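S.K.: Input: one structure, supplied below.
The values are calculated or read from the model by the stated rules, or taken from the named source; none is laboratory data. The shown structure was predicted, so the numbers you read here are calculated from the model rather than taken from an experiment. Virtual Cβ from ideal backbone geometry, glycine too; neighbours counted across all protein chains shown. We work out accessible area using only protein heavy atoms, side chains counted, and drop any ligands, DNA or RNA first. Shrake-Rupley method; radii C 1.70, N 1.55, O 1.52, S 1.80 Å.
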Amino acid sequence: MRLHTELIPAQQHDSRRLLIMLHGLGDSIEGYRWLPEALNLPWLNYLLVNAPDEYYGGYSWYDFAGENLTGVKRSRQLLFDLLDEQARSGFETVQTVLGGFSQGCLMAIDVGLRYPRRFAGIVGISGYVSEPDKLVAELSPDAFAQRLLITHGTADPMIPFALVREQINLLKAAGLHIEWHEFAKGHTIAGEPELEVIRNFVRLGFVNDSDKREPARSG
């Protein structure tokens, strides 16, 4: 089984920088076609990914209502395979930001901290952590050099803010480098204020790449 993906090429045609975006429950590739224009980073390629299971006209990464660990593990392996495939095609992991919203946030954290290579960054928006204690026990050695941005809404009606903050504090206590941002929002992306935080985080993931440094400042 392979995940369905769509690559939106960077305006800068020689760039191999990549943002992989994982959608939330019931969404799809279609829900993130707006992202390249909104982030306005002309040197960034985007790989949009559909989750494996159909769900009311969209897709899901795991069973939201029932036992979800089987689905999380299955989707983890599918994403590991996808990352391996991208590396073989010229998008190195160190040049890749792995991001996700809601269920996609959970998968980005779950995969990004276990995958045996370092990313340019991991972005998690309005999600939570699956089995945080187990994740800490299974961290990749590269996880401790990994940059993470986690954002959440103080008024999120689906995933309680206090629960997520407690999980993030646990990961921080384990030695992970997490940039945490709270927004006065529900279960959504808080427009330009949140996009600006994401944009800046993505830029900083590439500041040591001398070949691409100038486009990163001017994007």
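S.K.: What FRET efficiency comes out for the pair residue 63/residue 182, r = Cβ-Cβ distance, R0 = 41 Å, nearest 0.05? Present the calculation step by step, with values, prior to reporting the outcome.
M.R.: Details: r = 29 Å, r/R0 = 0.70.
The value I calculate is 0.90.
S.K.: In addition: What per residue convex hull volume, in Å³, comes out for segment 141-190 when only alpha-carbon positions are used? Numbers along the way, then the final one.
M.R.: Working: hull volume 3.7 nm³, N = 50.
Normalising the Cα hull of segment 141-190 by residue number yields 73 Å³.
S.K.: Compute, for residue 33, the solvent-accessible surface of its heavy atoms (probe 1.4 Å) with the complete set of protein chains present, and express it in square angstrom to the nearest 10.
M.R.: Approximately 100 Å² for this residue.
S.K.: Taking the convex hull of the Cα atoms, report for segment 75-138 its projected area averaged over all directions, in nm².
M.R.: 4.0 nm²
S.K.: Say each of residue 55 and residue 16 gets a label point 7 Å from the Cα, pointing the same way as Cα to Cβ; how far apart are those two points in nm?
M.R.: About 3.4 nm, to one decimal.
S.K.: With a 1.4 Å probe and all protein chains kept in place, how much accessible area does residue 166 have, in Å² rounded to the nearest 10?
M.R.: 130 Å²
S.K.: For the chain, what number of Lys pairs, 8 or more residues apart or on separate chains, have alpha-carbon atoms under 29 Å from each other?
M.R.: Lysine pairs meeting both conditions in the chain amount to 4.
S.K.: Please give the solvent-accessible surface of residue 192 in Å², to the nearest 10, using a probe radius of 1.4 Å with every protein chain present.
M.R.: Using a 1.4 Å probe on the heavy atoms, I get roughly 90 Å².
S.K.: If you filter segment 9-80 for chymotrypsin sites (Phe, Trp or Tyr not before Pro), then keep DSSP loop positions with at most 13 other Cβ within 10 Å, what is left?
M.R.: Qualifying residues, ordered by number: 34, 56.
S.K.: Right, here's the next one. Enter the accessible area per residue of segment 1-139 (Å², integer; probe 1.4 Å; all protein chains in place). Please report the intermediate quantities before stating the final value.
M.R.: Numbers: 5770 Å² over 139 residues.
Ligands and nucleic acids excluded, the result is 42 Å² per residue.
S.K.: Follow-up. Name the long-range amide H neighbours of residue 19: under 5 Å, sequence gap of 5 or more, or other chain; modelled H, no Pro or chain starts.
M.R.: 45, 46, 47, 97
S.K.: Tell me the mean residue ellipticity at 222 nm calculated for the chain from its helices only (DSSP H runs of n ≥ 4, each -39500 (n - 2.57), averaged over every residue, nearest 500).
M.R.: Details: 7 runs with 74 residues, N = 219.
Per the formula, -10000 deg cm²/dmol.
S.K.: While we're on this one: Quick one, can you get me the convex hull of the C-alpha atoms of segment 92-219 expressed as volume per residue in Å³?
M.R.: Roughly 92 Å³ of hull volume per residue.
S.K.: Given the options 50, 175, 191, identify the residue whose Cα lies farthest towards the positive end of the charge dipole of the chain (+1 on Cβ of Lys, Arg; -1 on Cβ of Asp, Glu).
M.R.: It is 175.
S.K.: How long is the gain from residue 87 to residue 40 if the chain were fully straight, where each residue apart is worth 0.36 nm and the alpha carbon distance is subtracted? Mind showing how you got there, number by number?
M.R.: On the way: separation 47, 0.36 × 47 = 16.92 nm, distance 2.42 nm.
Working it through step by step, the gained length comes to 14.5 nm.
S.K.: Please give the FRET efficiency for residue 192 paired with residue 117, using the beta carbon to beta carbon distance and R0 = 30 Å, rounded to the nearest 0.05.
M.R.: With a Förster radius of 30 Å, E is 0.40.
S.K.: Here's another thing I want to ask about it. Could you tell me the extents of segment 1-122's C-alpha atoms along the three principal axes, largest first, rounded to whole Å?
M.R.: That works out to 44, 30, 22 Å along the principal axes.
S.K.: Can you send over the carbon and sulfur percentage of the accessible area for the chain, probe radius 1.4 Å, protein chains only?
M.R.: 52 percent
S.K.: How big is the dipole moment of the chain about its Cα centre under a simple scheme where the beta carbon of each Lys and Arg is +1, that of each Asp and Glu is -1, and everything else is neutral? Debye, nearest 20, please.
M.R.: Numbers: 21 positive and 28 negative charges, 112 e Å.
Approximately 540 debye in magnitude.
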